[in-house]
Amino acid sequence: MSASHEDRIREQFRLQAATFSDEGFAVRGLEWIVELLGPNPDEQVLDVAAGAAHLGRALAPHVAHVSAVDITPEMLEQGRSLAHGAGLGNVVFAIGDATALPWLDDQFDLVACRLTLHQVDDPERVLREMVRVTRPGGRVAVTDMIVDDDPAVAAEANRLERLRDPSHHRTLGHAETLAMVRDAGADVRATETRNNPVEIEDWMARTDTPSDVRDQIRERFRQELAGGAPTGLRPQEDGTFTHVWATTVATPR
């Protein structure tokens, strides 16, 4: 990743680290993802751009060992504390860049990331690295938000995401994500989508979005609710909107 974007990610998630607890938004979708991945007791797992390793820690009771790598020390420390509190002794935490993973080829049975691709400025390189460190016959798994197929709607959703969080790079479309996985050298075996409701005020509070920017986002949602152009986030009168997540499982060629 470029130095400036990497710095934005570190700064944003340093601020957010304490909010990544084992409840609420941080654990959303974990049971669904674990079920799709089908972990096995003898597997070595890598959680890429792990943050506080919510996915890695959810997989840990089902596998032999989990390595969690991330560029933000505060997020890893949060994950380490939560793992210790849960008595998970088979998870290790390491500082590292998802675009240059510090492992040799063919090291892991399962390499996964959750809510990573929209954050990085080179998702293709992240996927290539994930495929590289996966053993023949292993699995690469990606869970992330996806945007509408309409380019204008997708652009507006990403604009609002960046207003709220300057470290947001670009949410991909589902077809684009699948194409990137294939181009990285893996064959898609399964993919599934799920709607996730998000509380607007909590979403903005977690990133400490400035008050004037919050007002801009609220106003844009009000415009859509009044019949204006779609934001791609589907706001509701109850103060929520929807993130659509997709999980894709692939095997290296």
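Output the number of residues of the range 168-215 satisfying the condition of being under 21 Å from Arg234 (Cα atoms) and hydrophobic (A, V, I, L, M, F, W, C).
Number of matching residues: 8.
Scanning the range 223-243 for residues that are touching a helix residue (DSSP H, G or I) at 6+ places or on another chain (Cβ under 8 Å) and not in a loop (DSSP other than H, G, I, E, B), which turns out most open to solvent (accessible area, probe 1.4 Å)?
Filtering the range 223-243 for residues that are touching a helix residue (DSSP H, G or I) at 6+ places or on another chain (Cβ under 8 Å) and not in a loop (DSSP other than H, G, I, E, B), the one most open to solvent (accessible area, probe 1.4 Å) comes out as Thr240.
Output the residue which, of all residues in the range 55-75 that are at pLDDT below 95 and in a helix (DSSP H, G or I), is least open to solvent (accessible area, probe 1.4 Å). Reasoning before the result, please.
If we filter the range 55-75 for residues that are at pLDDT below 95, which is where we start, we get 71-75.
Filter once more, so that each one left must be in a helix (DSSP H, G or I): 73-75.
On the way: Pro73: 67, Glu74: 75, Met75: 5 Å².
Looking at residues that are at pLDDT below 95 and in a helix (DSSP H, G or I), I get Met75.
List every residue pair whose Cβ atoms lie under 9 Å apart, where the two residues are 6 or more positions apart in sequence or sit on different chains, the first residue falls within the range 85-103 and is without any contact (Cβ under 8 Å) to a residue 12 or more places away in the chain, and the second residue, located anywhere, is outside any strand (DSSP E or B) and open to solvent by less than 40 Å² (accessible area, probe 1.4 Å).
Gly89/Ala60; Gly89/Ala83
Might you check whether a residue that is open to solvent by 10 Å² or more (accessible area, probe 1.4 Å), touching a Leu at 6+ places or on another chain (Cβ under 9 Å), modelled with pLDDT of 95 or more and among the aromatic types (Phe, Trp, Tyr) occurs anywhere in the range 85-94?
Yes: one or more hits.
Residues of the range 157-168 being modelled with pLDDT of 95 or more and open to solvent by 30 Å² or more (accessible area, probe 1.4 Å), which ones?
If the condition is that a residue be modelled with pLDDT of 95 or more and open to solvent by 30 Å² or more (accessible area, probe 1.4 Å), then Arg159, Arg162, Leu163 are the ones that fit.
Give me the pairs: first residue in the range 230-247 and on the phi > 0 side of the Ramachandran plot, second residue surrounded by fewer than 21 Cβ atoms within 10 Å (Cβ to Cβ) and part of a loop (DSSP other than H, G, I, E, B), beta-carbon distance under 7 Å, and six or more apart or on different chains, which are they?
Correct list of pairs: Gly232/Asp148.
In the range 197-214, is there at least one residue being in a strand (DSSP E or B), open to solvent by less than 20 Å² (accessible area, probe 1.4 Å), in contact (Cβ under 8 Å) with a residue 40 or more places away in the chain and farther than 22 Å from Asp70 by Cβ?
yes
Those residues that are surrounded by 14 or more Cβ atoms within 10 Å (Cβ to Cβ) and either assigned to a helix (DSSP H, G or I) or at pLDDT 85 or above (or both), I need them from the range 16-27; list them, please.
Matches in the range 16-27: Gln16, Ala17, Thr19, Phe25, Ala26, Val27.
Quick one: which residue in Arg194, Arg220 is open to solvent by 70 Å² or more (accessible area, probe 1.4 Å) and either touching a helix residue (DSSP H, G or I) at 6+ places or on another chain (Cβ under 8 Å) or at positive phi (or both)?
On the way: Arg220 fails: open to solvent by 70 Å² or more (accessible area, probe 1.4 Å).
Within the list Arg194, Arg220, the selection yields Arg194.
Can you tell me which of Leu110, Leu127, Leu117 is within 27 Å of Ile71 (Cα to Cα) and in a helix (DSSP H, G or I)?
Details: Leu110 fails: in a helix (DSSP H, G or I); Leu117 fails: in a helix (DSSP H, G or I).
Leu127 is the lone residue from the list that is within 27 Å of Ile71 (Cα to Cα) and in a helix (DSSP H, G or I).
Looking only at the range 122-153, filter to residues that are in contact with a helix residue (DSSP H, G or I) (Cβ under 9 Å, 6 or more places away or on another chain) and basic (Lys, Arg); which one of those is most open to solvent (accessible area, probe 1.4 Å)?
Among them, the one singled out is Arg128.
Of the residues Val249, Val142, Val181, Val188, only one is touching a Ser or Thr at 6+ places or on another chain (Cβ under 9 Å), modelled with pLDDT of 95 or more and part of a helix (DSSP H, G or I); which?
The match here is Val181.
Pick from Leu178, Leu110: which is within 18 Å of the chain's Cα centre (by Cα) and surrounded by 20 or more Cβ atoms within 10 Å (Cβ to Cβ)?
Exactly one of Leu178, Leu110 is within 18 Å of the chain's Cα centre (by Cα) and surrounded by 20 or more Cβ atoms within 10 Å (Cβ to Cβ), namely Leu110.
The values are calculated or read from the model by the stated rules, or taken from the named source; none is laboratory data. Quick caveat: nothing in here was measured; it's all calculated off a predicted structure. FYI the Cβ positions are ideal-geometry reconstructions off the backbone, even for glycines, and counts take in every protein chain you see. Accessible surface areas use protein heavy atoms only, side chains included; no ligands, DNA or RNA. Shrake-Rupley method; radii C 1.70, N 1.55, O 1.52, S 1.80 Å.
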